[in-house]
Amino acid sequence: MERKVELKNELKNELRVVKENIGKNKPLVHNITNYVTVNDCANIQLAFGGSPIMADSILEVEEVVSVCSSLVINIGTINERTIESMIKAGEIANSKGIPVILDPVGYGFTKLRTGEVDEILSKVKVSVIKGNISEIKGLLKENNDINGVDVSSTDRELTEKDIFEIAKKVSKIHACVVAVTSKVDVITDGERVVYLSNGSHIMSNITGTGCMIAALLGVSLGGNKDNIFMGTVYGVGMMGVCGEIAANALLKMELSTLKNNILDKVGSIKFEEFMEVLKYEYN
Amino acid sequence: MERKVELKNELKNELRVVKENIGKNKPLVHNITNYVTVNDCANIQLAFGGSPIMADSILEVEEVVSVCSSLVINIGTINERTIESMIKAGEIANSKGIPVILDPVGYGFTKLRTGEVDEILSKVKVSVIKGNISEIKGLLKENNDINGVDVSSTDRELTEKDIFEIAKKVSKIHACVVAVTSKVDVITDGERVVYLSNGSHIMSNITGTGCMIAALLGVSLGGNKDNIFMGTVYGVGMMGVCGEIAANALLKMELSTLKNNILDKVGSIKFEEFMEVLKYEYN
Amino acid sequence: MERKVELKNELKNELRVVKENIGKNKPLVHNITNYVTVNDCANIQLAFGGSPIMADSILEVEEVVSVCSSLVINIGTINERTIESMIKAGEIANSKGIPVILDPVGYGFTKLRTGEVDEILSKVKVSVIKGNISEIKGLLKENNDINGVDVSSTDRELTEKDIFEIAKKVSKIHACVVAVTSKVDVITDGERVVYLSNGSHIMSNITGTGCMIAALLGVSLGGNKDNIFMGTVYGVGMMGVCGEIAANALLKMELSTLKNNILDKVGSIKFEEFMEVLKYEYN
């Protein structure tokens with residue numbers, strides 16, 4: 001019990017530092033991302049206190065990433081041209097000690113996605129892999145039930161404990177933090193684990209909440225490269241908390257309003273409100 | 001008169017089945033579309049009960065379309081890279097019996113657009129062609145007054161009857177349903193015709209309503225491949241009805257609010273409200 | 001003093017003509033722009049009374065620009081494929097007397113951006129260059145403090161007078177109007193200068209206001225190719241005025257609402273309200 005209270009205080013204190021570091025650094029984030037949700041990703045990074053740069057030409061990614069505080073790689077609409085740029089930017093980021101966030105959208109769904117994520121992971125050391133459980137489980141090479149970019153029906157049955165075990169394995173293999181977003185989000189560095197249970201089921205009816213989490217991580221890790229684990233908790237938690245507040249403000253399935261409310265809230269939420277709404281378990 | 005009443009009941013009953021089929025299937029829709037309106041298209045598909053996938057790399061479109069319920073091809077920002085992907089995805093869709101929706105944005109405007117649509121139509125059997133009257137008339141190869149991606153001034157003079165005759169011809173040539181969106185929308189399979197007269201003139205002041213109709217069709221046909229005609233009526237009608245309700249809620253030219261209202265309404269409208277607002281003529 | 005009053009009347013009268021010309025022409029604008037803010041750019045052009053076309057394939061830009069009233073080139077997410085298209089479209093625009101607006105996003109930041117803008121400027125005669133002070137100063141080849149796509153910290157110290165001197169030099173070198181957007185916007189044709197001081201600091205927390213200014217210029221110059229200077233003043237002023245009204249309507253950092261409010265206001269503002277809110281100095 002005492003241990004629990006200690007951990008809660010530790011979490012709150014660490015998250016406060018994470019938040020303050022974002023404010024101090026206004027991190028410049030290099031994003032190589034998909035064209036579906038790119039505008040929302042840029043806006044949420046600004047709302048969260050960062051400064052986004054989207055650039056994907058192989059002719060400039062080296063220079064771009066070199067001046068940034070973090071790199072977000074999202075393979076949502078990957079193509080032959082952008083693959084190269086992702087790997088090159090990732091390699092430069094590694095050589096400069098810049099955190100790399102990988103969102104392996106649709107891992108396991110097509111040979112292209114699986115192959116390219118595997119190639120990225122073989123060449124680039126990532127700080128965080130953020131995905132849904134089907135994507136993360138796919139990284140164990142034991143998953144063969146993926147049909148699209150959403151979670152498969154069998155994977156939907158997994159318990160938090162199952163998810164933690166899978167995430168822990170992936171974390172050990174790639175020596176990185178793993179964040180599985182789900183009804184309960186599971187974030188682990190292979191030792192510690194935080195479970196977050198904010199959000200709303202209605203969020204799955206708008207596009208881009210997953211991409212926006214990766215975008216938030218770009219900002220929080222850009223300002224906190226010495227605390228990747230808590231930076232990840234703060235970024236993932238921000239989407240859950242703001243999504244929940246935004247959804248609760250709706251009268252019905254007003255999905256455009258939901259998206260607008262989320263962006264509004266990320267820009268205006270105070271730390272105390274964030275901590276009050278945050279539902280977590282830290283072990 | 002009796003015939004009319006019968007048709008109205010038939011329409012209502014068929015549309016109800018169309019709606020229910022969407023709900024049962026939550027259709028996965030593969031979109032190869034333009035980068036201008038892609039976010040709105042993804043969001044409206046989610047709001048309408050579908051699940052969008054945007055993927056345009058030639059290296060994965062075969063796998064992607066194979067697990068989907070429909071394919072939407074929109075040539076709005078076509079380029080050398082995406083042309084190939086559209087044709088390949090279309091051919092696979094045909095081989096699997098997956099409906100293909102074609103939005104020939106700017107057909108007749110440039111050689112690239114005309115040539116590529118002609119190539120798609122020569123290689124891929126489409127289920128529905130959805131366009132404005134200039135685009136659809138262009139497909140008859142009799143049109144030489146196209147200047148941009150909007151309807152030409154002479155075409156704006158055409159009556160509903162003229163439009164139906166043109167649409168019928170195109171429908172026969174390509175053995176598909178043709179939907180002409182206009183002040184009065186005309187939808188025909190070459191035999192039957194439905195005229196829909198919802199919407200608002202203010203909708204032409206926001207970008208993407210045309211693209212979003214094609215996106216809606218991806219969902220409605222994805223769940224109704226055995227009833228392409230009524231699936232098309234439901235998808236086109238959804239934009240007109242929700243656009244009209246959204247526009248009526250405005251006090252002035254609040255165009256961003258209009259777009260948000262449309263997306264909100266597609267996600268929240270009930271079938272009874274839809275049928276009450278729908279203005280149609282079925283012959 | 002009398003001279004001042006005269007200038008004020010002149011400005012108001014000229015802006016009224018600019019506005020009326022937009023209304024008469026409903027200018028078709030060809031945009032080769034970035035994929036981050038493209039939807040907002042299209043929507044703001046519609047709200048401002050224009051008609052946007054986004055097309056970037058080398059296979060069609062010649063035909064597209066030929067029927068348009070203006071060309072907007074924004075290098076925000078330039079790549080190997082789009083560079084060529086920008087230059088070709090610009091050359092055709094020149095041969096037809098169509099105004100070209102250049103937004104050199106991130107000039108001086110990467111070799112790619114600097115090199116390509118230099119190439120565009122060597123091959124294409126532009127009507128307006130619109131940028132932040134770091135970008136514009138970079139064009140003098142005296143700037144070596146650029147780190148990203150935002151204004152550098154030393155450049156933030158420059159006075160309006162400094163900015164005018166820099167803009168004037170660039171204007172003379174490239175024989176074009178130069179618009180520097182900043183807390184105070186500076187617009188000069190090398191002789192005349194207008195300072196505009198609308199807007200709100202909160203606007204820098206949403207993405208795309210810069211891109212949207214270039215988009216507005218596409219519309220205002222498309223309808224006013226014989227008055228590039230005043231067309232530029234009107235377009236830049238529109239963002240400042242609507243941004244200010246939109247920001248004042250907020251209770252807190254509701255950033256998504258801010259963007260929606262701006263778009264709503266551009267579509268609904270009357271000329272008298274515009275002139276009342278506009279804060280300017282004309283020399």
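Let me spell it out: the conditions are (1) touching a Gly at 6+ places or on another chain (Cβ under 8 Å); (2) under 24 Å from A:ASN205 (Cβ atoms), and B:LYS183 meets all of them except one. Which number is the exception?
Of everything listed in (1) touching a Gly at 6+ places or on another chain (Cβ under 8 Å); (2) under 24 Å from A:ASN205 (Cβ atoms), B:LYS183 misses just condition (2).
Whether any residue in region B:189-210 is open to solvent by less than 10 Å² (accessible area, probe 1.4 Å), of a type in the set (Val, Ile, Thr) and more than 21 Å from B:THR37 (Cβ to Cβ) is what I want to check.
yes
Which condition from (1) buried (at least 17 other Cβ atoms within 10 Å of the Cβ); (2) over 19 Å from B:ALA214 (Cβ atoms) is the one that B:GLU20 breaks?
(1)
Among the residues of region C:39-68, what is the count of those that are of a type in the set (Gly, Ala, Ser) and crowded, with 24+ Cβ neighbours inside 10 Å? Spell out how you get there, then give the answer.
We begin by selecting, within region C:39-68, every residue of a type in the set (Gly, Ala, Ser); these are C:42, C:47, C:49-51, C:55, C:57, C:66.
Now restrict to residues that are crowded, with 24+ Cβ neighbours inside 10 Å: C:42, C:47, C:50, C:55.
Selection size over region C:39-68: 4.
For region C:226-283, name all the residues that are among the basic types (Lys, Arg), more than 14 Å from every other protein chain (Cβ to nearest Cβ) and in contact with a Cys (Cβ under 9 Å, 6 or more places away or on another chain). Outline the logic, then answer.
Initial filter on region C:226-283 (among the basic types (Lys, Arg)): C:252, C:259, C:265, C:270, C:279.
Checking the rest, the ones that are also more than 14 Å from every other protein chain (Cβ to nearest Cβ) come to C:279.
Selection gives nothing.
Being open to solvent by 20 Å² or more (accessible area, probe 1.4 Å) and small (Gly, Ala, Ser) is the filter here, so list the residues in region B:229-266 that pass it.
Listed by number, the list holds a single entry, B:ALA249.
A:SER171 - would you say it is assigned to a loop (DSSP other than H, G, I, E, B), surrounded by 18 or more Cβ atoms within 10 Å (Cβ to Cβ) and under 16 Å from the mean Cα position of the chain (by Cα)?
Numbers: assigned to a loop (DSSP other than H, G, I, E, B): no; surrounded by 18 or more Cβ atoms within 10 Å (Cβ to Cβ): yes; under 16 Å from the mean Cα position of the chain (by Cα): yes.
Taking the combined requirement at face value, the residue does not satisfy it.
Please go through region B:92-119 and pick out each residue that is of a type in the set (A, V, I, L, M, F, W, C) and either under 19 Å from the mean Cα position of the chain (by Cα) or within 14 Å of chain C (Cβ to nearest Cβ) (or both).
First pass over region B:92-119, keeping only residues of a type in the set (A, V, I, L, M, F, W, C): B:92-93, B:98, B:100-102, B:105, B:109, B:112, B:117.
B:ALA93, B:ILE98, B:VAL100, B:ILE101, B:LEU102, B:VAL105, B:PHE109, B:LEU112, B:VAL117, listed by residue number.
Write out, first by first residue and then by second, each pair whose Cβ atoms fall under 7 Å of each other, whose residues are 6+ apart or on separate chains, and whose first residue, in region A:173-190, is on the phi < 0 side of the Ramachandran plot while the second is among the small types (Gly, Ala, Ser) and not in a helix (DSSP H, G or I).
Final answer for the pair search is A:CYS176/A:SER127; A:VAL177/A:SER127; A:VAL180/A:GLY131; A:VAL184/A:SER197; A:ASP185/A:ALA179; A:ILE187/A:ALA179.
Restricting attention to region A:56-76, and to residues there that are without any contact (Cβ under 8 Å) to a residue 60 or more places away in the chain and touching a strand residue (DSSP E or B) at 6+ places or on another chain (Cβ under 6 Å), which single residue is farthest from the other protein chains (Cβ to nearest Cβ)? Spell out how you get there, then give the answer.
The initial filter retains those residues of region A:56-76 that are without any contact (Cβ under 8 Å) to a residue 60 or more places away in the chain, namely A:56-67, A:73, A:75.
Narrowing the set further to residues that are touching a strand residue (DSSP E or B) at 6+ places or on another chain (Cβ under 6 Å) leaves A:56, A:64-65, A:73.
On the way: A:ASP56: 7, A:VAL64: 6, A:VAL65: 11, A:ILE73: 16 Å.
Filtering region A:56-76 for residues that are without any contact (Cβ under 8 Å) to a residue 60 or more places away in the chain and touching a strand residue (DSSP E or B) at 6+ places or on another chain (Cβ under 6 Å), the one farthest from the other protein chains (Cβ to nearest Cβ) comes out as A:ILE73.
So, in region B:191-243, exactly how many residues are of a type in the set (Val, Ile, Thr) and without any contact (Cβ under 8 Å) to a residue 60 or more places away in the chain?
First pass over region B:191-243, keeping only residues of a type in the set (Val, Ile, Thr): B:193-194, B:202, B:206-207, B:209, B:213, B:219, B:228, B:232-233, B:236, B:241.
Filter once more, keeping what is without any contact (Cβ under 8 Å) to a residue 60 or more places away in the chain: B:202, B:206, B:209, B:241.
Total meeting the criteria: 4.
Among the residues in region C:103-123, are any in contact (Cβ under 8 Å) with a residue 60 or more places away in the chain and either open to solvent by less than 10 Å² (accessible area, probe 1.4 Å) or of a type in the set (Phe, Trp, Tyr) (or both)? If you could, list the steps in order and put the result at the bottom.
Going residue by residue through region C:103-123, those that are in contact (Cβ under 8 Å) with a residue 60 or more places away in the chain are C:103, C:105.
Okay, now just the ones that are also either open to solvent by less than 10 Å² (accessible area, probe 1.4 Å) or of a type in the set (Phe, Trp, Tyr) (or both), so C:103.
Checking region C:103-123: at least one residue is in contact (Cβ under 8 Å) with a residue 60 or more places away in the chain and either open to solvent by less than 10 Å² (accessible area, probe 1.4 Å) or of a type in the set (Phe, Trp, Tyr) (or both).
Does C:LEU11 meet the test of being within 17 Å of C:MET230 (Cα to Cα), open to solvent by less than 10 Å² (accessible area, probe 1.4 Å) and out of contact with any helix residue (DSSP H, G or I) (no Cβ under 6 Å at 6 or more places or on another chain)?
On the way: within 17 Å of C:MET230 (Cα to Cα): yes; open to solvent by less than 10 Å² (accessible area, probe 1.4 Å): yes; out of contact with any helix residue (DSSP H, G or I) (no Cβ under 6 Å at 6 or more places or on another chain): yes.
Taking the combined requirement at face value, the residue satisfies it.
Listed here are the residues, each with its yes/no results for (1) closer than 28 Å to C:SER204 by Cβ; (2) basic (Lys, Arg).
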{"residue": "A:GLY49", "(1), (2)": "yes, no"}
{"residue": "A:LYS123", "(1), (2)": "no, yes"}
{"residue": "A:GLU135", "(1), (2)": "no, no"}
{"residue": "A:LEU139", "(1), (2)": "no, no"}
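Which of the numbered conditions does C:ASP162 fail, given that it passes all the others? Conditions: (1) open to solvent by 10 Å² or more (accessible area, probe 1.4 Å); (2) closer than 17 Å to C:LYS19 by Cβ.
(2)
To keep it simple, each residue is scored yes or no on (1) more than 27 Å from B:LEU28 (Cα to Cα); (2) at pLDDT below 95.
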residue	(1), (2)
B:SER204	yes, no
B:ASN224	no, no
B:GLY231	no, no
B:LEU263	no, no
B:GLU272	no, no
B:VAL277	yes, no
B:TYR282	yes, yes
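Scan region A:77-89 and tell me whether some residue there is basic (Lys, Arg) and away from chain B (no Cβ under 13 Å).
As a first pass, look at region A:77-89 and keep what is basic (Lys, Arg): A:81, A:88.
Still in the running and away from chain B (no Cβ under 13 Å): A:88.
Within region A:77-89, one or more residues are basic (Lys, Arg) and away from chain B (no Cβ under 13 Å).
This table checks each residue for (1) basic (Lys, Arg); (2) within 18 Å of A:ILE213 (Cβ to Cβ).
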{"residue": "A:ALA246", "(1), (2)": "no, yes"}
{"residue": "A:LEU250", "(1), (2)": "no, no"}
{"residue": "A:MET253", "(1), (2)": "no, no"}
{"residue": "A:LYS259", "(1), (2)": "yes, yes"}
{"residue": "A:ILE262", "(1), (2)": "no, yes"}
{"residue": "A:PHE271", "(1), (2)": "no, no"}
{"residue": "A:PHE274", "(1), (2)": "no, yes"}
{"residue": "A:VAL277", "(1), (2)": "no, yes"}
{"residue": "A:GLU281", "(1), (2)": "no, no"}
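Could you tell me which residue of region B:23-38 is surrounded by the most Cβ atoms within 10 Å (Cβ to Cβ), considering only residues that are among the hydroxyl-bearing types (Ser, Thr, Tyr) and more than 9 Å from chain A (Cβ to nearest Cβ)?
Checking each candidate, the answer is B:THR33.
Residue by residue through region B:136-149, note down the ones that are open to solvent by less than 80 Å² (accessible area, probe 1.4 Å) and at pLDDT below 90.
Restricting attention to region B:136-149, the residues satisfying the condition of being open to solvent by less than 80 Å² (accessible area, probe 1.4 Å) are B:136-140, B:143, B:145-146, B:148-149.
Selection gives B:ASN143, B:ASP145, B:ILE146, B:GLY148, B:VAL149.
Do we have C:VAL17 as under 24 Å from C:VAL193 (Cβ atoms) and either assigned to a strand (DSSP E or B) or within 14 Å of chain B (Cβ to nearest Cβ) (or both) here?
Values: under 24 Å from C:VAL193 (Cβ atoms): yes; either assigned to a strand (DSSP E or B) or within 14 Å of chain B (Cβ to nearest Cβ) (or both): no.
Answer is no for this residue.
The values are calculated or read from the model by the stated rules, or taken from the named source; none is laboratory data. In this text the structure is predicted, and so the values were computed from the model without any measurement. Virtual Cβ from ideal backbone geometry, glycine too; neighbours counted across all protein chains shown. In case anyone asks, the SASA skips ligands and DNA or RNA and just uses the protein heavy atoms, side chains included. Shrake-Rupley method; radii C 1.70, N 1.55, O 1.52, S 1.80 Å.
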